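What follows is a short report on a single structure.
Read-outs throughout are calculated quantities, based only on the coordinates presented, and are distinct from any laboratory measurement. Remember, predicted model here, so these are calculated numbers, not experimental data. Glycine gets a Cβ as well: all are built from the backbone with ideal geometry, and neighbour counts include every protein chain shown.
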Amino acid sequence: MTQVNMHEAKSQLSRLVEKALDGEEVVIARAGKPLVRIVPLDAKPTRRLGGFVKGKLTNDFFDPLPEEELKRWGV
């Protein structure tokens, strides 16, 4: 693991990113206290799947609108 202070991270960001891309853990600290970790993003974005609440919501989930509101909407 590589831990560097904020000032060093500013001046050597490219080198630190390369280390992270090579699989090394890189941590940026302030006053010796670890704050953040530089990690590579996945090459492929995670695909989001729809329908994760399917079957969990029912018609009674929402309160019915008052007649006055329905008239304003033209329903």
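Computed quantities for the displayed model
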read-out	value
Among (i) 17.3; (ii) 12.3; (iii) 15.0, the entry derived from the coordinates for Kirkwood radius over Cα pairs in Å	(i)
As computed over segment 1-40, the Cα convex hull volume per residue (Å³)	49
Loop sites in the chain: trypsin sites (Lys or Arg not before Pro), DSSP, at most 16 other Cβ within 10 Å	Arg47, Arg48, Lys54, Lys56
Which of Gly51, Val27, Ser11, positive extreme of dipole for the chain (C-beta unit charges)	Ser11
